[in-house]
1. Quick one: 3J(HN,Hα) in Hz for the stretch 87-95, Karplus 6.51/-1.76/1.60 with θ = phi - 60°, rounded, Gly and Pro as x.
2. Magnitude of the Cβ-charge dipole of the chain, K/R +1 and D/E -1, about the Cα centre, nearest 20 debye?
3. Ordered by packing density, taken as the mean number of other Cβ atoms within 10 Å over each peptide's residues, highest first, how do 115-122, 145-152, 132-139 rank?
4. Just to check I understand the Karplus step: with θ = phi - 60° and J = 6.51 cos²θ - 1.76 cosθ + 1.60, what whole-Hz values come out for the stretch 43-55, glycine and proline as x?
5. Quick one: Karplus J couplings for the stretch 63-78, per residue in order, coefficients 6.51, -1.76, 1.60, θ = phi - 60°, nearest Hz, x for Gly and Pro?
6. Select from the stretch 40-115 those GluC sites (Glu not before Pro) which occupy a DSSP coil region and have at most 11 other Cβ atoms within 10 Å, ordered by residue number.
7. Using the Cβ atoms and a cut-off under 12 Å, what net charge is assigned to the surroundings of G142, where Lys and Arg are +1 and Asp and Glu are -1?
8. Out of the stretch 1-80, which trypsin sites (Lys or Arg not before Pro) are coil in DSSP terms and have no more than 14 other C-beta atoms within 10 Å?
Amino acid sequence: MKEKTRENVSRAFIGEAKAYFRLLAYADKAVEEDAPQIAQLFRAIAEAERVHATRHMNLMKDIVVKDTDTNLERSFQREKTISENDYPELIQAAEAEGETAAALVFSQARDAEAVHAKLYERAIYHMIKDNTTTYYVCQVCGYVADGKAPDNCPVCGAPKEKFKTMAP
């Protein structure tokens, strides 16, 4: 794919992915405000945006999706960079502006991302791709537990009931 088209596809993918999540948030708000038909509309259009994002991603697959070992290594490196470099900068900026809620969210995301990196690292070095396990994702902060959900999230303290099961 030529450079300008690759940039445009990437930009379109990011826009569609953002729209997907934004529309799901709008749907939640519509439900909260007792507007179920509007919520359904937001969810339907969110699904359309997901289709668009998937199609854009498929155009980029040969660029961004490689073999599983490479994908694991890239994912590990991204999570490590985000938790060790990006989030600390975001936390520092939020704290400097007195934005304690943002600093807390960034801190919890940083801690969860560090755990994600460890899970990828374990997969790389222990070749767990041949083993099966169940993961549990905290729906408050994004912490991922391997094997069983903790009674309380070690990052944000959420109770076990806030974990979503991700079975193989």
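1. Karplus-based 3J(HN,Hα) across the stretch 87-95 equals 5, x, 5, 5, 4, 4, 5, 5, 5 Hz.
2. With only Lys, Arg, Asp and Glu charged at Cβ, the dipole is about 620 debye.
3. Peptide ranking by packing, descending: 115-122, 132-139, 145-152.
4. Taking θ as phi minus 60°, the curve returns 5, 5, 6, 4, 4, 4, 5, 4, 4, 4, 4, 5, 5 Hz for the stretch 43-55.
5. These are the phi-based 3J(HN,Hα) values: 8, 10, 10, 10, 6, 4, 4, 5, 4, 5, 4, 4, 5, 4, 4, 5 Hz.
6. Answer in residue order: E97.
7. It works out to a net charge of 0.
8. Numbers: sites: K2, K4, R6, R11, K18, R22, K29, R43, R50, R55, K61, K66, R74, R78, K80; in loops: K2, K66.
Sites meeting the loop and neighbour criteria: K2, K66.
No value in this document is a laboratory result; all are computed from the given coordinates. Computed from a prediction, not measured in an experiment: that's the story for all the values here. Because the Cβ atoms are built from the backbone with ideal geometry, glycine has one as well, and the counts that use them run over all protein chains shown.
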